[in-house]
Amino acid sequence: MVYLRKVRTMIALIVSSIVIGSVAFADDVITFAEADTITGESLINLIAFERAKARGVNAEAISLQSDDLVFQAVLNGQVEVGVGSAYAALQTLGAEAPVRNFYQLKKLGFLCVVNKNKIKSWKDLDGQPITIHARGSGTEAISYYMEKVHDIKFSELSFVPGSEVRAIALLKGTIDATFLDITNTRLVLAEDPEKFGILALGDVDGSDSLLFARTDFLSDRAGDIQILLEELMRAAREINADPTLPARLREEMGLLPDLPQELVDEITPYFETAVRQGMFAEDGGGLPAALGDFEFLTASGGLQGPSSDLNPDNFWNFELLDKARAALN
């Protein structure tokens, strides 16, 4: 269980060292905050940041403790860019909300991992709890969608941020069903393939991670954001063509030098699986992503519908992405 000990240490260090009120950001640094640990799965961002730095744009990635904290930090101007999903919060705030999505980082790539000794089908979860990432997250939307598809009702949605943390809880027997990312699914199944298995999600299509920011920031730093979007799309296209690239560039660029070897070994398998699943949009998503998210989130209860009544401009800024696409192409 070396991996678990190292992950616990890594999580403790990240959570204890990052508190919104105590972080001072340099004026020129664009801080991207997300409610998850920074691991090999984050390399698509980190590669883009490193390339953007060569073009005069400084960006960094940090972890906060929850999606709610990430959105509040963006809303209050304590960080520049949030990574996650802001749809529900934006609908609550209304058309005048000062925050907008502006890029689809990746599509949903979660898997439902269960204790096979207790759960063999979705029907077995009727009246049982399920552990998810956070309120407003893609895992919450998938949970509600599965309730509708399979005509079941979970007794409770337990919020536990971080796939690594949920994987540990599953292995320890604290929980019996949860959603994990690709890397942690592989690690759990490898640990005890006789005990753990996957419940099929069927045709689930939506955004897992979007970038969102205050509209005044997007206006003030439009040129810098365009460069970052160009590099994010460039990285997505290169990785889709060669999923072994992130592991190589990690070494060449000196990224994540303290990543445990167990997680280093998972980088290429993760990206190979993610590319096969089409998780990385090469054009940043834009309007098609927004419309697809409306369909999925209204069906799952994550947004109040019908989807046809939702105005994409109340949730997205498309202008910066359009300019970045034109420049890159």
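Every number here is computed from the coordinates shown, using simple stated rules; none is lab data. Note that the structure is predicted; figures quoted are calculated from it, not measured. Reconstructed Cβ throughout: ideal geometry from the backbone, glycine too, with neighbour counts over all protein chains shown.
Binning every alpha carbon pair distance of region 111-199 at 10 Å from zero, what are the percents per bin?
For region 111-199, the pair-distance distribution reads 18, 57, 25, 0.
Counting Lys and Arg as +1 and Asp and Glu as -1, what is the net charge of the other residues whose Cβ lies under 14 Å from the Cβ of Lys153?
Numbers: positive: Lys123, Lys148; negative: Asp124, Asp126, Glu147, Asp151, Glu156.
For residues surrounding Lys153, the net value is -3.
Considering only DSSP beta bridges whose two residues both sit in the chain, what percent are antiparallel, to the nearest 5? Can you show the working numbers first?
On the way: 19 of 34 bridges.
Restricted to the chain, the bridges split so that about 55 percent are antiparallel.
Rule-of-thumb check for region 167-294: C-alpha Rg over 2.2 N^0.38 Å?
Numbers: Rg = 17.7 Å, N = 128, 2.2 N^0.38 = 13.9 Å.
In units of the globular-protein estimate, region 167-294 measures up at 1.27.
Please list 181-189, 287-295, 274-282 highest first by mean number of surrounding beta-carbon atoms within 10 Å per residue.
Details: 181-189: 22.1, 287-295: 18.9, 274-282: 17.2.
Ranking the peptides 181-189, 287-295, 274-282 by packing returns 181-189, 287-295, 274-282.
Count the net charge of all other residues whose Cβ sits under 12 Å from the Cβ of Glu295, scoring Lys and Arg as +1 and Asp and Glu as -1.
-3
How big is the C-alpha Rg of the chain next to the rule-of-thumb value 2.2 N^0.38 Å, as a ratio? Working shown, then result.
Working: Rg = 19.0 Å, N = 329, 2.2 N^0.38 = 19.9 Å.
Dividing the Cα radius of gyration by 2.2 N^0.38 Å gives 0.96.
Go ahead and collect, in residue order, the members of region 29-46 whose backbone nitrogen is under 19 Å from a label point 7 Å along the Cα-Cβ direction of Asn76.
Hits in region 29-46 for Asn76 at 19 Å: 31-36.
How many times 2.2 N^0.38 Å is the alpha carbon radius of gyration of region 72-222?
Values: Rg = 17.2 Å, N = 151, 2.2 N^0.38 = 14.8 Å.
In units of the globular-protein estimate, region 72-222 measures up at 1.16.
Beta carbons within 10 angstrom, averaged per residue: use that to sort the peptides 30-39, 253-262, highest first.
On the way: 30-39: 21.9, 253-262: 13.5.
Packing proxy ranking, top to bottom: 30-39, 253-262.
Full-extension gain between Asp216 and Lys123, please, as 0.36 nm times their residue separation minus the C-alpha to C-alpha distance. Show your work: numbers first, answer last.
Numbers: separation 93, 0.36 × 93 = 33.48 nm, distance 4.73 nm.
Stretched fully, the Asp216-Lys123 segment lengthens by 28.8 nm.
Take every DSSP beta bridge with both residues inside region 111-199 and express the antiparallel ones as a percent of the total, to the nearest 5. Walk me through the numbers on the way to the answer.
Details: 8 of 13 bridges.
In region 111-199, approximately 60 percent of DSSP beta bridges are antiparallel ones.
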